[in-house]
Amino acid sequence: MYAIVGGTVHTQTKRGVIEGGTVLVEDGEISAVGEGIEIPDGTTTIDAAGRVVTPGLIDAHSHAGVSEWGEPEDADFNELSDPVTPHVNALDGFHPGDEELAHALSGGVTSVSARMGSGNVIGGIICSMKTSGTLADEMLIREDGMKAAFGENPKRVHGEERDREPCTRPGVAATLRQALMDAEDYLARREHASEGGEPFERDLGMENLSRVIEGDLPLRVHAHRADDIMTVFRIAEEFGVDGLSIEHATEGHLIAEEFAKRDVPAVVGPSLYSGAKYELSNITFETAGILHQAGVTVAIQTDAPILPQEYLNVCVGLAVREGLPEEAALATVTRNPAEILGIADRVGTLESGTDADLVVWNEDPFSLAAKPEHVLVDGDRVAGTGEIEG
């Protein structure tokens, strides 16, 4: 049991910021948040006076655990045998020993959405994971979506490198459409067989993709350019896809009103990156702020290991410098990604009954001088250099 006392507690709930507040942690959950909380005997105390207490940070788009830091030969995030691979699952390639996960904890990142890569038009199931643990199954929060990708990556991987479709943007769009049509047909056949009591041969990929059609599994689409994003919107509307997020959204600021009109969230970044390919030519840290001002739900990502996982807070600080309101900054790496990923019942806020994932910072977490002094995941202190009292 821990009591974090005397800090500036950013709850990310309607309670807002509690000055000199206490967070009580018991049995892996937050049991109380507020002022004047009675601390049971035998509780380990963390003095947070003069410190900032936040929920553990969440990176809504990362490859930590599946594209291992410093070990590209172990990268298991692109099954490039086919441009359509909905049958694969990031959980099966998640390595709890990936050093990038230790880096995450050192930067106060306690949860990541571990993504399949963007080499395929449909990449497979992606999973929200804790960054502390020894068994992937125990680190799993939930399967949070189906990865898809538009633009230069699938064109290059399959067209240029493997000389097969898709090799153009229309080819990418057609590949996604065909896969969704196949899933619709599969659902119809399955229902018909069920009604008639007939045998039915299941297909793992179609079972997974059917979950997208049925609204059980959001479609999370890698798209940088505005024209690619609009194509994604068009296809989602054609097939009635309810759950959708745009990942990267590099030119999202150019069509912010289109995001807002459709109520589609944007997972922005990594913006601390050069124009390494044509579709990044309009990259800017202004994107998050412009989308937020338009009323879009925004999360900020590192795309680790593209950017080191521990610098998620730095990316937010740079977005603030370029126009993201300070009062909205913390939400882009706590409450917003939790809501986008469908894990807000467990993480992203400091309130009773949620997982005890939290960080005590030496100062404003988006300052370049900010360091986590205490990092708790599921109530266990797993990182930090601060002192504690018995």
* **Estimated inter-spin distance, residue 367 and residue 81, nm [label 7 Å along Cα→Cβ]** => 5.3 nm
* **Expected-Rg normalisation [2.2 N^0.38 Å, Cα atoms] applied to the range 109-244** => 1.16
* Ignoring ligands, DNA and RNA, what percent of the accessible area of the chain is carbon or sulfur (1.4 Å)? -> 45 percent
* **Which of 320, 9 is most accessible, then next, and so on - probe 1.4 Å** => 320, 9
* What Kirkwood radius, in Å to one decimal, follows from the Cα pairs of the range 1-87? -> 16.2 Å
* Structure fact -> Cα gyration tensor of the range 27-72 diagonalised, 5x eigenvalues square-rooted, in angstrom largest first, produces semi-axes 35, 13, 12
* For the range 227-349, what is the per residue volume of the convex hull drawn over the alpha-carbon atoms, in cubic angstrom? -> 107 Å³
* Solvent-free Debye scattering, log10 I(q)/I(0), computed from the Cα coordinates of the chain at q = 0.08 Å⁻¹ -> -0.41
* So, with +1 on the Cβ of K and R and -1 on the Cβ of D and E, and no other charges, what is the size of the charge dipole of the chain about its Cα centre, to the nearest 20 debye? -> 1060 debye
* How many angstrom separate the Cα center of the range 87-149 from the Cα center of the range 317-390? -> 19 Å
* Structure fact -> Given a 1.4 Å probe, the accessible area of the range 306-390 per residue, as a whole number of Å², is 41 Å²
* Whole Å is fine, so just give me how far the alpha carbon centre of the range 1-75 lies from that of the range 218-277. => 31 Å
* Please say if the range 127-181 is rounded, prolate or oblate, where rounded means a/c under 1.5 for a ≥ b ≥ c the square roots of the C-alpha gyration tensor eigenvalues, and otherwise the choice is prolate for a/b larger than b/c and oblate otherwise? => prolate
* To do: For the range 206-255, count the residues as N, evaluate 2.2 N^0.38 Å, and divide the Cα radius of gyration by that value, please.
  => 1.17
* Per residue solvent-accessible surface (Å²) - the range 116-170, probe of 1.4 Å -> 37 Å²
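The values are calculated or read from the model by the stated rules, or taken from the named source; none is laboratory data. Small disclaimer: the values here were computed from a predicted structure and weren't measured. Cβ: placed from backbone, ideal geometry, glycine included. Neighbour counts: every protein chain shown. For accessibility, only protein heavy atoms count, side chains too; no ligands or nucleic acids. Shrake-Rupley method; radii C 1.70, N 1.55, O 1.52, S 1.80 Å.
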